[in-house]
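Have a look at the structure below before the remarks.
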Amino acid sequence: MYRSIQLCRAIAAGMVMMVHLTGVIASSTYFGLAGADIPFNFGRAGVEFFFVLSGFIITFVHWNDFGKPIHLAQYAKKRAIRIYPTYWMIFAVVYLVAAISLSNRVTLTPAALIRTLSLLPQPSTDPVIGTTAPILGVAWSLQYEILFYVLMAVYVVNFTLGSLISIAALANLLACRAGYCVASAPYLQTNFLLLFGLGVLTAIACKKWAIMKFPRVLAGLGVVAFAITGLWNDVTGERLTLAYGAASAAIVMGLVKAEDGGTLRISWDWPILIGDASYALYLIHYPMILMLSKIAMRIGLHGLLGAVVSAPLIVAACIASALGFHRFVERPLLRAFASPRGRLKVAAVGS
């Protein structure tokens, strides 16, 4: 996979981590620095970035599998072992910690537990995200990933059928905007669905467009557009999902074509390592932020001084934990389950 894509994954995970950390810092339950979270509201767009990256990577990696039903089993195996084992292990730890904590009483019916573990969409009244996930809250985005993986599986079986389903989903989304939903599930009405499509189109363009003039300019313009959208987000509170998506697509395409053309070489290893561990970081960071913040409260780290001392330590602990989990747990699992005929390719997933 392109080193620039791994860098993007690290940045996206870092954005989500920072918005959650600053939210805790601003909370009266913890450090109580009201307004500390406002500059980082745009960090939620790390999810938009992830979804575009996912659309790009799945399409790019499985380009030669589409329309070939014989490849379905291998495709399904790769996607399942990439997303489920890591999620299940982290979910189990968080669930057990919450269950034995004096301040948390958690109960899930068997049906709810099955839906949660399988990452089936669970409708939410939240008009922005359209779905919800108990216990490990950030897993709501993985439910969109599963929907996308299933759609791509249809493309593997039959490209025409996959295209028809995509057109139907788009038509339903537009109909919902006009008040005439056919499929009214909340998660089928959000613009997040379009972000995967932007990633798919970006991958197709990169496959078809062998040479691009000034790709770094395109990536730079994408960064500027993303920053402007983020500033608007912070000032108005309005989350412009499609604007973030378009900017993300420009960044991805510019970076990929710059790597292809040899005009971009990323020599740093540490952000690539974080990119490799971005899935673990995405899943593990919020529970760790809450846990470490509670510890900070108990040892007397309050207010501004407590936040200044605690925040960098919390960030370092989250990253170190994700790197350790990836190195000693996630990567060995992926290798154990991967086909002996080929190395398992890593797919990008959301926060």
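Just so you know, all these numbers are worked out from the coordinates, no wet-lab data involved. It should be emphasised that the depicted structure is a prediction, and the values quoted were computed from it without experimental measurement. Positions of Cβ are backbone-derived with ideal geometry, glycine not excepted, and every protein chain shown enters the neighbour counts.
Take peptides 113-121, 250-258 and line them up by average Cβ neighbours within 10 Å, highest first, as a rough protection proxy. Mind dumping the intermediate values first?
Working: 113-121: 16.1, 250-258: 24.1.
In descending order of packing, they fall as 250-258, 113-121.
Show me, for region 257-273, the HN-Hα J-couplings you get by feeding each phi into the Karplus relation (A = 6.51, B = -1.76, C = 1.60, θ = phi - 60°), rounded to Hz, glycine and proline as x.
Along region 257-273, the couplings run 5, 5, 5, 4, x, x, 8, 9, 10, 9, 8, 5, 9, 5, x, 5, 5 Hz.
Give me a comma-separated list of calculated 3J(HN,Hα) values for region 170-182, in order, Karplus coefficients 6.51, -1.76, 1.60 applied at θ = phi - 60°, integers in Hz, x for any Gly or Pro.
5, 4, 5, 4, 5, 5, 4, 4, 8, x, 10, 4, 9
List the trypsin sites (Lys or Arg not before Pro) within region 265-327 that DSSP assigns to loop and that have no more than 15 neighbouring Cβ atoms inside 10 Å.
On the way: sites: Arg265, Lys294, Arg298, Arg327; in loops: Arg265.
Answer by residue number: Arg265.
So, in the chain, how many Lys pairs have Cα atoms under 15 Å apart, if the pair is 8 or more places apart or on different chains? Let's see the in-between values first.
Details: Lys77/Lys345; Lys78/Lys345; Lys207/Lys257; Lys208/Lys257; Lys213/Lys257.
Final tally of qualifying lysine pairs is 5.
Helix 72-100 versus the longest principal axis of the chain: what is the Cα-based angle in degrees, 0 to 90, to the nearest 10?
With both axes taken from Cα atoms, the answer is about 10 degrees.
To the nearest 20 Debye, how big is the dipole of the chain about its Cα centre, given +1 on the beta carbon of each Lys and Arg and -1 on that of each Asp and Glu?
On the way: 26 positive and 12 negative charges, 190 e Å.
With only Lys, Arg, Asp and Glu charged at Cβ, the dipole is about 920 debye.
Going by how many other beta carbons lie within 10 Å of each one, how would you line up Asp260, Asp269, fewest first? Present the calculation step by step, with values, prior to reporting the outcome.
Working: Asp260 16, Asp269 9.
With the fewest neighbours first, Asp260, Asp269 line up as Asp269, Asp260.
Please list, ordered by chain and number, the residues whose modelled amide H lies under 5 Å from the amide H of Thr131; skip anything fewer than 5 residues away on the same chain.
Ser124
Among Phe325, Tyr244, Ala296, which residue has its Cα furthest toward the positive end of the charge dipole of the chain, with +1 on Lys/Arg Cβ and -1 on Asp/Glu Cβ?
Among Phe325, Tyr244, Ala296, the one farthest towards the positive end of the dipole of the chain is Phe325.
Between region 39-107 and region 7-29, what's the alpha-carbon centroid distance in Å?
One Cα centre to the other: 18 Å.
For region 1-151, would you read off the P(r) tail past 25 Å as a percentage of all alpha carbon pairs? Walk me through the intermediate numbers first.
On the way: 4662 of 11325 pairs.
Roughly 41 percent, once rounded to a whole number.
Okay, helix-only estimate at 222 nm for the chain: each DSSP H run of n ≥ 4 adds -39500 (n - 2.57), divide by all residues, round to 500 deg cm²/dmol; what do you get? Each step should come with its number before you reach the end.
Working: 13 runs with 232 residues, N = 351.
Mean residue ellipticity, 222 nm, calculated: -22500 deg cm²/dmol.
Taking only the C-alpha atoms, wrap a convex hull around the chain and report its volume per residue in Å³ as a whole number.
154 Å³
Which order, highest average first, do 176-183, 92-99 follow once you tally other Cβ atoms within 10 Å for each residue and take the mean per peptide?
Numbers: 176-183: 11.0, 92-99: 15.1.
Peptide ranking by packing, descending: 92-99, 176-183.
For region 32-94, what percent of Cα pairs sit more than 20 Å apart?
Values: 1071 of 1953 pairs.
The answer is 55 percent, as a whole percent.
Can you give me the Cα centroid spacing of region 134-208 and region 216-276 in angstrom?
Cα centres, region 134-208 to region 216-276: 22 Å.
With only Lys, Arg, Asp and Glu charged, each at its Cβ (+1 for the first two, -1 for the last two), find how big the charge dipole of region 103-258 is about the Cα centre; round to the nearest 20 debye.
Numbers: 9 positive and 4 negative charges, 85 e Å.
The dipole of region 103-258 has a size of about 420 debye.
For region 312-329, just list the computed ³J(HN,Hα) in residue order, Karplus coefficients 6.51, -1.76 and 1.60, θ = phi - 60°, integers in Hz, with x standing in for Gly and Pro.
The phi angles translate into x, 5, 5, 4, 4, 5, 4, 5, 4, 5, 5, 5, x, 4, 5, 5, 9, 10 Hz.
How far is it, in nm, from the label point at Arg327 to the one at Ala92 when both lie 7 Å from their Cα along the line to the Cβ?
Going from the Arg327 label point to the Ala92 one covers 2.3 nm.
Once both labels are modelled 7 Å past Cα along the beta-carbon direction, what's the Ile165-Asp234 spacing in nm?
My value for the distance between the label points is 4.1 nm.
Compute the relative contact order of the chain as a whole-number percentage, counting only Cα pairs closer than 8 Å that sit 6 or more residues apart in sequence. Provide the component values of the computation, followed by the final result.
Numbers: 480 pairs, mean separation 109.3, N = 351.
Rounded, it is 31 percent for the chain.
Of all chymotrypsin sites (Phe, Trp or Tyr not before Pro) in region 260-304, which ones are in loop regions per DSSP and have a Cβ with at most 10 other Cβ atoms within 10 Å?
Details: sites: Trp268, Tyr279, Tyr282; in loops: Trp268.
Answer in residue order: Trp268.
Size of region 177-324 along its principal axes in angstrom, Cα-based, largest extent first?
Result, largest extent first: 57, 50, 30 Å.
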